[in-house]
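The values are calculated or read from the model by the stated rules, or taken from the named source; none is laboratory data. Computed from a predicted model, the values in this text were never measured in an experiment. Methodologically, a virtual Cβ is constructed for each residue, glycine included, from the backbone with ideal geometry; neighbour enumeration extends over all protein chains shown. For the accessible areas, the whole protein counts, side chains as well, though only heavy atoms, and no ligand, DNA or RNA atoms are used. Shrake-Rupley method; radii C 1.70, N 1.55, O 1.52, S 1.80 Å.
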Amino acid sequence: MEDFEKLGVFYLGREYDLQAKAPRDDLLLYDSKDLVTHGVCVGMTGSGKTGLCIGLIEEAALDGVPAIVIDPKGDLADLMLTFPDLRPEDLRPWINEEDAARKGLTPDDYARQQSEFWAKGLADWGESGDRIRRLREAADFAIYTPGSSAGLPISILASFAAPAAAVRDDPELLGDRIATTATSLLALLGIDADPIQSREHILLSTILNTAWQKGQNLDLATLIGQIQNPPVTRVGVMDMESFYPSKERFELAMRMNNLLAAPGFAAWMEGEPLDVARLLHTPEGKPRVSIMSIAHLSDAERMFFVSLLLNEVLGWMRSQPGTGSLRALVYMDEIFGFFPPVAEPPSKRPLLTLLKQARAFGVGILLATQNPVDLDYKGLANAGTWFIGRLQTDNDKQRVLAGLEGAVAGAAASFDRQAMEQTLAGLGNRVFLMYNAHEDTPVVFTTRWTMSYLRGPLTRTQIKTLMDPRKAVAAAVPAAPTAPIAGVAPPASPVEAAPSMIPPAAAPGPASGLGGAKPLLPPGVPEYFLPVRGARPEGGSLRYSPALLGAAAVHLADAKLSLEQSFDVTALTLVLADPVPVDWERAQIVTVAIEDLERLPADGAAFGTLPPAAAKAASYDDYNRDFVSWVYRTQSLQLLRSSGLKQVSRAEESEGEFRVRLQQAAREQRDVLKGRLQEKYTPRLAALEERIRKAQQAVDREAEQARGAQMQTAISVGATVLGALFGRKKFSSATIGKATTAMRGVGRSMDQAGDVGRAKDTVESLQQQSADLQAEFQAEVDALETTVDPQSEVLEALTVRPKKADVVAKLVALAWAPVWIDAQGGQTQAFE
Ligand SMILES: Nc1ncnc2c1ncn2[C@@H]1O[C@H](COP(=O)(O)OP(=O)(O)O)[C@@H](O)[C@H]1O
Ligand SMILES: [Mg+2]
């Protein structure tokens with residue numbers, strides 16, 4: 001049971017014999033890559049869906065695949081209850097005391113009984129305390145409770161922030177995002193809005209669109225302000241006042257304001273931002289299982305939150321590079337009402353888009369429901385894996401089969417509806433029919449015991465008990481260390497403790513004093529104005545000081561490190577008095593973007609004086625040359641290198657982000673190697689199996705009487721090894737006889753006959769060959785293990801400096817830097 005752990009197959013259970021009503025020996029191993037095409041799990045209440053999906057999340061976590069788990073009922077929080085030793089006292093705080101009472105047991109006795117029960121369950125499935133320990137260490141598990149402070153709080157404010165460029169640049173995606181945000185926000189206000197008809201929806205969409213197009217963030221307060229004072233004056237061909245008069249807009253604004261002011265609502269604004277990257281990995285790059293508990297919310301609030309979350313997932317996903325390996329899981333239990341066939345709740349669009357697009361990004365979507373009639377099967381035609389459990393009504397069965405038929409239509413596998421129907425009728429609890437588009441035939445299996453203690457839904461108090469220690473830590477550590485450690489290094493000789501770029505008031509520089517009108521400059525002097533930020537102080541004024549802005553693109557390439565990166569440097573240095581008006585050694589790195597520079601000054605500002613040298617076009621060639629040389633001398637990149645995967649971090653990437661990327665690269669590499677091994681060994685082993693089967697038939701012919709009881713199938717060793725490594729894929733095909741019988745049992749009863757002996761020899765010799773081949777194969781698998789773990793690998797720190805030719809000035813210009821001057825003459829920097 002060790003080998004598959006390194007090959008990305010998920011141990012979900014054992015195949016199940018419906019006739020005998022007993023599990024078979026064969027493990028049900030599921031190839032993690034298959035989940036990239038998503039999974040659906042249906043079955044009546046109590047059929048074991050949640051148990052199955054929890055098992056799957058556990059397997060994913062063990063494999064370093066993070067998950068976002070949407071938990072409408074509260075029982076997925078059981079993923080937090082993992083106890084390697086399963087002592088009664090471990091379980092005691094979590095047992096269901098009502099169950100204890102019902103059984104007439106004291107809580108302590110019940111905890112003891114449960115501990116034995118769970119330990120036995122796990123042992124029966126070959127799962128050790130060690131595996132549970134590894135699970136706990138593999139990922140960071142946490143419960144979030146939006147709109148409540150029981151678990152970790154999560155702020156939805158960021159969801160009104162402009163989506164990532166990847167979303168903004170795709171009109172369809174941006175449109176969907178705007179529509180779902182508006183719809184879910186209105187739903188929260190109790191307004192059931194039609195996106196095309198409703199004024200409220202059109203107004204909100206317009207506001208969101210106007211801001212987001214420009215990359216501007218919104219918050220609820222701004223949104224309320226803009227409802228009253230919309231950023232546009234026309235809607236279509238109508239002017240805003242006739243379309244939606246201000247008096248009525250005010251009512252909408254009030255309604256939203258009341259929502260904001262409601263006592264409970266503050267909880268929605270607290271906590272870390274709803275940021276998918278942070279939900280999937282810790283800042284250090286460790287995978288996370290983030291359980292989004294929404295059981296405490298009203299229907300409208302759930303819809304609101306789930307839609308926002310799914311949209312965030314979409315936005316995050318689109319900014320990831322493509323992959324064929326599983327990168328993350330999004331699991332939603334009980335999607336009843338979120339993905340209906342006819343209606344269009346705000347959750348449906350993002351779910352549909354995810355089902356269609358997520359596979360290219362390695363994001364697997366797993367959906368479970370007890371109500372198969374409430375699913376949009378057209379949308380589920382993209383689902384590659386179906387887990388169908390016990391169903392209650394015939395209507396349910398027919399709907400699932402019809403849906404499955406639609407999904408199978410595109411796949412190569414055949415679909416025997418009648419056989420399926422019969423199978424479905426025979427399913428019991430925790431027994432599922434799995435249809436996997438990547439495999440030849442459907443299979444019936446029973447789910448393995450979960451490592452998590454399934455106590456049922458956790459209460460709010462229990463969630464609080466679990467998460468309070470985490471909150472204490474979160475409060476003690478200020479902001480997450482998001483600052484990239486690999487990044488542009490500060491200038492080698494930074495300007496001494498200068499908190500801002502305000503020229504010293506009494507400096508000998510001409511920039512001091514109140515200043516006068518803007519000096520006239522000859523043509524050829526490039527002149528810009530830094531955009532003014534901040535508010536004018538009471539009775540204050542604005543003054544521009546002369547400065548030089550330099551922007552350069554730095555290209556770094558190192559063939560040995562297979563490194564090729566570019567980064568930009570923008571620096572500002574104040575123009576001081578002669579004799580050295582421009583000194584780049586005093587420059588500071590600034591964040592202003594060249595595109596944001598203004599051509600004209602703000603109205604009514606005064607100007608500092610410009611030394612004559614800086615007013616001559618010819619000087620700018622020197623400034624340019626000096627700037628390039630300064631960048632070359634002072635700027636470098638601090639990067640990290642993984643020798644295991646031969647990759648170098650990127651300029652904008654933190655160590656944690658780099659480790660996340662390395663983990664995915666390692667997973668991709670493993671999947672490729674695994675594929676190669678599979679191609680190499682499967683046909684050879686299968687051929688041997690076939691010869692063994694034929695030889696076995698010969699034995700059977702020679703010893704007819706031995707047929708019958710002994711023919712009961714036991715899977716051959718070869719099959720077990722292959723199956724254990726690759727999952728059932730390509731393995732269920734007829735070439736490898738499931739009928740292959742284990743030799744020993746059959747053999748012993750046939751010893752007397754010489755012919756039988758000879759036939760047996762052949763079988764044994766073939767089995768030896770098969771065993772040798774497996775050993776060879778095993779050795780290759782073991783070699784896979786030697787690759788380093790990107791999560792803990794010691795990374796090498798690199799400092800990469802540019803060559804002079806690699807620094808290219810994009811702009812060196814006179815840039816007027818605005819300063820606010822208050823009534824008392826105090827100065828504050830008025831730019832970023
Ligand atoms: N894999 C499993 N391991 C151990 N117990 C399980 C497992 N699956 C289900 N059970 C038991 O069966 C009960 C019902 O299963 P559950 O998965 O909650 O059903 P569903 O989600 O389909 O309603 C669980 O509370 C648990 O006691
Ligand atoms: Mg359930």
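The table below gives the values:
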item: Residue in segment 524-534 that is most open to solvent (accessible area, probe 1.4 Å), counting only those that are assigned to a loop (DSSP other than H, G, I, E, B) and within 21 Å of Arg625 (Cβ to Cβ); result: Gly524
item: Some residue of segment 386-403 being free of Cβ contacts under 8 Å to residues at least 40 places away in the same chain, assigned to a loop (DSSP other than H, G, I, E, B) and within 28 Å of the chain's Cα centre (by Cα); result: no
item: Looking only at segment 440-496, and only at residues there that are modelled with pLDDT under 75 and either within 16 Å of ligand 2 (Cβ to nearest atom) or assigned to a helix (DSSP H, G or I) (or both), the one that is least open to solvent (accessible area, probe 1.4 Å); result: Ala474
item: Long-range neighbours under 7 Å by Cβ, at least six apart or interchain, first residue within 17 Å of Arg136 (Cβ to Cβ) and away from ligand 2 (no atom under 16 Å from the Cβ) within segment 50-69, second in a loop (DSSP other than H, G, I, E, B) and of a type outside the set (A, V, I, L, M, F, W, C); result: Asp63/Gly8
item: Elements of type strands (runs of 3 or more DSSP E) contained in segment 1-118, each with 2 or more residues being within 16 Å of ligand 1 (Cβ to nearest atom) and open to solvent by 20 Å² or more (accessible area, probe 1.4 Å); result: 9-17, 22-31
item: Flag for Thr37 being within 11 Å of ligand 2 (Cβ to nearest atom) and within 23 Å of Leu380 (Cβ to Cβ); result: no
item: Subset of segment 339-362 that is in contact with a Leu (Cβ under 7 Å, 6 or more places away or on another chain) and not in a helix (DSSP H, G or I) - its residue that is farthest from ligand 1 (Cβ to nearest atom); result: Gly362
item: Segment 191-239, residues that are among the β-branched types (Val, Ile, Thr) and open to solvent by 30 Å² or more (accessible area, probe 1.4 Å); result: Ile196, Ile202, Thr206, Thr210, Thr222, Val232, Thr233, Val237
item: Out of Ala266, Ala328, Ala295, sole residue that is closer than 14 Å to Val69 by Cα and open to solvent by 40 Å² or more (accessible area, probe 1.4 Å); result: Ala295
item: Per-region count, segment 538-590, residues under 32 Å from the mean Cα position of the chain (by Cα) and of a type outside the set (A, V, I, L, M); result: 8
item: Identity of the residue in segment 342-377, under 23 Å from Phe432 (Cβ atoms) and open to solvent by 30 Å² or more (accessible area, probe 1.4 Å), that ends up nearest to ligand 2 (Cβ to nearest atom); result: Gln370
item: Residues within segment 535-560 that are part of a strand (DSSP E or B), among the small types (Gly, Ala, Ser) and farther than 21 Å from Ser619 by Cα, tallied; result: 3
item: Filter result (open to solvent by 10 Å² or more (accessible area, probe 1.4 Å) and either within 14 Å of Tyr144 (Cβ to Cβ) or of a type in the set (Gly, Ala, Ser) (or both)) within segment 248-263; result: Ala261, Ala262
item: Breaking point among (1) over 19 Å from Gly456 (Cα atoms); (2) among the aliphatic types (A, V, I, L, M); (3) more than 16 Å from ligand 2 (Cβ to nearest atom); (4) in contact with a helix residue (DSSP H, G or I) (Cβ under 8 Å, 6 or more places away or on another chain), for Leu105; result: (1)
item: Matching helices (runs of 4 or more DSSP H) fully within segment 222-286 where at least 3 residues are at pLDDT below 90 and not basic (Lys, Arg); result: 246-261
item: Residue list for segment 561-588, filter: within 17 Å of Lys810 (Cα to Cα), part of a strand (DSSP E or B) and aliphatic (A, V, I, L, M); result: Val569, Ala571, Leu572
item: Single residue of segment 323-338 satisfying the filter (assigned to a loop (DSSP other than H, G, I, E, B) and within 16 Å of ligand 2 (Cβ to nearest atom)) that is nearest to the chain's Cα centre (by Cα); result: Asp333
item: Test: residue in segment 295-309 that is outside any helix (DSSP H, G or I), more than 16 Å from ligand 1 (Cβ to nearest atom) and under 13 Å from the mean Cα position of the chain (by Cα); result: no
item: Residues of segment 70-91 classified as more than 16 Å from ligand 2 (Cβ to nearest atom) and either within 24 Å of Gln791 (Cβ to Cβ) or polar (S, T, N, Q) (or both), total; result: 4
item: Residue within segment 91-108 that is under 22 Å from Ile57 (Cβ atoms), in contact with an Asp or Glu (Cβ under 8 Å, 6 or more places away or on another chain) and touching a residue at least 12 places away in the same chain (Cβ under 8 Å) present; result: no
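For (1) without any contact (Cβ under 8 Å) to a residue 60 or more places away in the chain; (2) touching a strand residue (DSSP E or B) at 6+ places or on another chain (Cβ under 7 Å), each residue gets a yes or a no:
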position: Gln769; (1), (2): no, no
position: Ala779; (1), (2): yes, no
position: Asp782; (1), (2): yes, no
position: Glu793; (1), (2): no, yes
position: Lys804; (1), (2): no, no
position: Pro818; (1), (2): no, yes
